[in-house]
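Written out below as structure tokens is the structure these notes cover.
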Amino acid sequence: MILKEKFFSQLSSGKDNKNNSFEIGLIVIFAIITLVGILNHAMWRDELNGWLIARDSYSFIDFFENIKYEGHPLIWYIFLWILNQLTANPIAMQLLHWLIAVATIALFIVFSPFTKTQKALFSFGYLPIYEYSLISRNYGIGVLSIFLFCACFNTRHKSYIPLGFILAMMANTNAYCLLISLGLGLTLTIEYLFSHYFQYETKASNYNFVVASLLFLLGIFLSVFMLLPPSDSTLQGGLVNGFFTLILIV
């Protein structure tokens, strides 16, 4: 609700109609191009693997046990599980990923401080229009969580709980976003603890900050739990090698 209000107020306040039309047009053009692209994209093995796991798991517990061998956090696979309760057609996964991509670019276009040219160049660059749009993997939702954090960053002046929730979600998209969430969480903690030094003011209470921190730490724990492969996994060298690989990445 907070983001919805900010989104539409950002489109309407402090901007002329010409600028609004440019931003809306840019989002619509991006949506059309990526929709045509994703519906004509032959899915890769790593795209379909998660979908097949969700499709062929007999129960949610069975599904949870199977995805532990993927070496990725949980969120993207939860979406795949939910979609598989509705349809066995993998195009549903592509349409979901398309919606995520459009939402990501909409956040960027509306909330970023860049010029029209910079917004257009980024929106139709290789990564946004191909890697994070046409290829249905967990990286697109990771980028969405990063942009969502940036769009909601100022909410920390009233409450840290929305940012704590976003960071917890970010940590559970992929290993790279886990590292980014750790860096952002540390930044927020330092800013809060040394607020007098930074001349920073917030209405958030200590209780509010603790709740947000616990929410974030829970997300970190769940992400690490899913990233560490089972002992009989051969995908990442098993539990021991997987643990040392994660330590080296961190």
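Values in this text are rule-based calculations from the coordinates and carry no lab data. Every value quoted in this text rests on a predicted model; they were computed, and no experiment measured them. Note that each Cβ is placed from the backbone with ideal geometry, even for glycine, and that neighbours are counted across all protein chains shown.
When the chain is described by a simple charge dipole with +1 on each Lys and Arg Cβ and -1 on each Asp and Glu Cβ, the residue from Ser145, Leu214, Thr115 located farthest towards its positive end is Thr115. Membrane-span-like helices of the chain, defined as complete DSSP H segments with a Cα extent of 20 Å or more along the helix axis and a mean Kyte hydropathy of at least 0.0, are identified as 17-39, 91-111, 175-193, 206-227. For the range 17-151, the alpha carbon convex hull comes to 109 Å³ per residue, rounded to a whole number. Taking each DSSP H run with n ≥ 4 as -39500 (n - 2.57) and averaging over every residue of the chain yields -22000 deg cm²/dmol at 222 nm. Using equal-weight Cα scatterers in the Debye expression, the normalised intensity of the chain in log10 at q = 0.09, 0.15 Å⁻¹ is -0.46, -1.17. Net charge dipole, the range 17-151: roughly 480 debye, given to the nearest 20, about the Cα centre with Cβ charges of +1 for Lys and Arg and -1 for Asp and Glu.
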